[in-house]
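Worksheet: the structure to be examined is printed underneath.
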Amino acid sequence: LIITMLAAMVPALSAQFGRFRIPVVIGEILAGILIGRSGLDLVEPGPILEFLAEFGFVLLMFLSGLEVNLRSLTRRGFFQERRRFWQSPLFLALFSFGLTLAVASALAITMGDQGFFRSPFIMGLILSTTSLGIVVPVLKERDVLGSPYGQLMLVAAVVADFITLIILSVVFGVLRKGLVPQLLLLLLLSAFFALSLRLGLRASRIPGLRRLVKKLSMGTAQVRVRMAIALMVAWAALAHALGTEVILGAFLAGVIVSLVAGPEESQL
């Protein structure tokens with residue numbers, strides 16, 4: 001009750017202090033600190049809270065996948081004029097992540113030598129990651145997510161999040177299963193993604209199926225929402241079964257829906 005009430009109140013309070021331009025997600029983090037162990041300790045962790053936290057993050061990653069407009073990123077006119085390859089959003093995102101990883105690794109090694117922690121490699125990856133859970137709500141709140149700048153920031157956050165996530169998955173997977181099985185599982189997940197995307201694009205071109213989906217989307221059926229949620233959960237389950245992070249599966253499900261349905265029809 002406390003959490004749901006705060007979830008409803010924080011956006012309203014944030015709007016009252018609009019002149020300070022504080023993003024809603026920052027207010028939500030501060031509210032969580034206030035009622036958590038670091039503050040008044042009003043909410044204790046439990047199975048229900050853990051499920052809501054994990055499911056909410058999975059849903060957020062799915063919505064982040066919906067927001068990635070790969071078609072617009074590959075158009076020549078994305079920045080309204082033709083530019084060189086090193087000025088493309090993907091290259092800029094990779095370069096930004098590489099620079100961040102180099103600085104974070106140097107800092108982690110320096111602090112590791114002084115005995116602050118035992119694994120500089122893990123700490124370097126932690127310092128290099130970016131939280132899509134913060135970036136996406138802020139861009140969406142400022143209404144810049146669909147702009148070139150917003151898509152560039154989103155791609156940079158996606159690259160930082162998932163390269164570190166994949167590296168950590170590979171490292172921990174290698175420790176548990178070995179290098180070859182973990183690489184095969186990642187290749188298998190990629191193959192499932194390519195196959196699902198191909199089948200989805202083919203199914204989207206069937207006129208009778210499109211008419212049926214449009215008809216069932218009216219009224220209480222809302223078949224598009226049901227199919228999107230089912231696909232999200234299916235991909236999260238697939239990622240979990242293959243030993244990778246469920247949020248990676250949820251993000252790929254969002255990308256599939258965005259590419260198959262298009263940016264206009266993929267909005268829940």
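Observations on the model:
- Selection status of SER105, among the small types (Gly, Ala, Ser), more than 29 Å from LEU59 (Cα to Cα) and surrounded by fewer than 19 Cβ atoms within 10 Å (Cβ to Cβ): yes
Results for (1) within 24 Å of ILE29 (Cβ to Cβ); (2) of a type in the set (A, V, I, L, M), shown as yes or no for each residue.
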{"site": "SER128", "(1), (2)": "yes, no"}
{"site": "VAL136", "(1), (2)": "yes, yes"}
{"site": "LEU139", "(1), (2)": "yes, yes"}
{"site": "ARG142", "(1), (2)": "yes, no"}
{"site": "PRO148", "(1), (2)": "no, no"}
{"site": "ASP161", "(1), (2)": "yes, no"}
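- Scan of the range 70-114 for residues that are modelled with pLDDT under 65 and within 22 Å of VAL260 (Cβ to Cβ), ordered by number: LEU70, ARG71, SER72, LEU73, THR74, ARG75, PHE78
- Subset of the range 1-26 (residues that are within 20 Å of the chain's Cα centre (by Cα) and open to solvent by less than 40 Å² (accessible area, probe 1.4 Å)): PRO23, VAL24, VAL25
- Within the range 35-50, the presence of at least one residue that is modelled with pLDDT of 85 or more, surrounded by 12 or more Cβ atoms within 10 Å (Cβ to Cβ) and out of contact with any helix residue (DSSP H, G or I) (no Cβ under 8 Å at 6 or more places or on another chain) is confirmed.
The values are calculated or read from the model by the stated rules, or taken from the named source; none is laboratory data. Everything numeric in this text was worked out from a predicted model, so none of it was measured. Here the Cβ is made from the backbone with ideal geometry for all residues, glycine too, and neighbour counts use every protein chain on show. Note: areas computed on protein heavy atoms with side chains; ligands, DNA, RNA excluded. Shrake-Rupley method; radii C 1.70, N 1.55, O 1.52, S 1.80 Å.
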